[in-house]
Amino acid sequence: KMKLKYIFFTITFINLFGCIADSDEPKSKITLNFNHYWDENEITNSELNSLNLTNEFGNLLSIERLRYLISGIVLTNDNGQTIELEGYNLVNISSETSLNYTPLEMIKSGYYSNISFIFGFTNENNNGNYVDLNSKSWNVPSMLGGGYHFLQIDGKFINNSNEEQGYNYHAIRATNNLNNSNNQDTFFRVDLGPINVTIETEINISVDVAKWFKNPNTWNLNELNQMLMPNYEAQIMMYENGQDVFSLAIND
């Protein structure tokens, strides 16, 4: 009996000590900062509405509005274990507070082999009802599959007639109205790479907006400028072009 009591107290002590040790491990919040560029040149709110950008095709254009949705942040440690952070953020270049996103969860400090996020919503989350997104006219009409936008870039460009013309570069889940079985997911996971989390870690993300118009599909705004949401092929092209838009900034 004494031996059994000894084993019991030993196990209890180990479990208690383990809980205390876990609770004492330093935990931190992370903040994702989104910094926008056109190639190497930073885009700031003050530069909106100016026809001072040229895409890969050669269209002279402006950006009047730039908004996109990120969700599903995941951190991966050296053992391959993942930590998923709840929540989402609608980044709006015209709203300074939206450019910095701090998830609510605290995470253990230390080295992580990768941090990633979802551009847009997964299908499961895209079926939700989000009051804040509804209030910002972020919905997609039910005839186009419902859910929410992933991206909106709006502005003007100089067309073939040398006149200003509006464009709306809007990304949603690709929907083929003629054959619903041809719907295709256009959300994608962005793997940023390794980070070291310390107290109040800030993660700077470079967003090269020019790449939405560049690779692998050189975007000609004279041909693809509006009514892109119901355009199944255009949505696939946007999905392909978005794959290298986001990257982890290298701090000096």
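Hey, what's the chain come to in accessible area per residue, 1.4 Å probe, Å²?
Normalised by residue count, the accessible surface of the chain is 55 Å².
Using Cα-Cα distances under 8 Å and only pairs 6 or more residues apart, what relative contact order does the chain have, in percent?
In percent, rounded to a whole number, it is 24.
Any idea what diffusion coefficient segment 161-237 gets from Stokes-Einstein, in µm²/s, Kirkwood Rh on alpha carbon pairs, 4 °C, 1.567 mPa s?
Estimated via Stokes-Einstein, D reaches 83 µm²/s.
Taking only Cα atoms and a 10 Å spring cutoff, compute GNM fluctuations for the chain and point out the largest among 94, 62, 161.
Among 94, 62, 161, the largest mean-square fluctuation in the Gaussian network model of the chain belongs to 161.
Please report, in debye to the nearest 20, how large the charge dipole of the chain is about its Cα centre when each Lys and Arg carries +1 at its beta carbon and each Asp and Glu carries -1 there.
The dipole magnitude comes to about 1140 debye.
Could you put 78, 185 in order of accessible surface area, largest first, with the 1.4 Å probe and the full protein assembly present?
Descending accessible area places them as 78, 185.
With every protein chain left in place and a probe of 1.4 Å, what is the accessible surface of residue 163, to the nearest 10 Å²?
The accessible area of residue 163 comes to roughly 110 Å².
Using 0.36 nm per residue, how much length does the chain from residue 97 to residue 82 gain when fully extended, once their Cα-Cα distance is taken away?
My answer for the length gained is 2.6 nm.
Starting from the amide H of residue 245, placed 1.01 Å from N in the peptide plane, find each other amide H under 5 Å away whose residue is 5 or more places distant or on another chain.
Those lying under 5 Å, H to H, from residue 245: there are none.
For the charge dipole of the chain, defined by +1 on Lys and Arg C-beta atoms and -1 on Asp and Glu C-beta atoms about the Cα centroid, which residue among 106, 235, 71 has the Cα displaced farthest towards the positive pole?
Of 106, 235, 71, it is 106.
Can you tell me the 0 to 90 degree angle between the C-alpha axis of helix 232-241 and the longest principal axis of the chain, rounded to 10?
With both axes taken from Cα atoms, the answer is about 60 degrees.
Counting Lys +1, Arg +1, Asp -1, Glu -1, what net charge surrounds residue 140 among other residues with beta carbon under 15 Å of its beta carbon?
+2
Normalised by the number of residues in segment 74-201, what is the relative contact order in percent for Cα pairs under 8 Å and 6+ residues apart?
Dividing the mean separation by the residue count of segment 74-201 yields 28 percent.
Within the accessible area of the chain, what % is carbon and sulfur when the probe is 1.4 Å and the other protein chains stay in place?
50 percent
Please give the solvent-accessible surface of residue 54 in Å², to the nearest 10, using a probe radius of 1.4 Å with every protein chain present.
70 Å²
From the phi angles alone, apply the Karplus equation (6.51, -1.76, 1.60; θ = phi - 60°) to segment 196-202 and give each ³J(HN,Hα) in whole Hz, x where the residue is Gly or Pro.
So the Karplus estimates, Gly and Pro as x, are 10, 8, 10, 5, 6, 6, 10 Hz.
When a/c reaches 1.5 or more, the comparison of a/b and b/c decides; with that in mind, is the chain rounded, prolate or oblate per its Cα gyration tensor?
prolate
Answer rounded, prolate or oblate for segment 73-113, using the Cα gyration tensor with square roots of eigenvalues a ≥ b ≥ c: rounded when a/c is under 1.5, else prolate when a/b is larger than b/c, else oblate.
Because a/c hits 1.5 or more and a/b exceeds b/c, segment 73-113 counts as prolate.
Note the angle between two axes, namely the Cα long axis of helix 2-24 and the longest principal axis of the Cα atoms of the chain, as a number of degrees from 0 to 90, rounded to the nearest 10.
Approximately 30 degrees, to the nearest ten.
The values are calculated or read from the model by the stated rules, or taken from the named source; none is laboratory data. Source: prediction; values computed, not measured. Note that each Cβ is placed from the backbone with ideal geometry, even for glycine, and that neighbours are counted across all protein chains shown. Side chains are part of the model used for accessible areas, which takes the heavy atoms of the whole protein and leaves out ligands, DNA and RNA. Shrake-Rupley method; radii C 1.70, N 1.55, O 1.52, S 1.80 Å.
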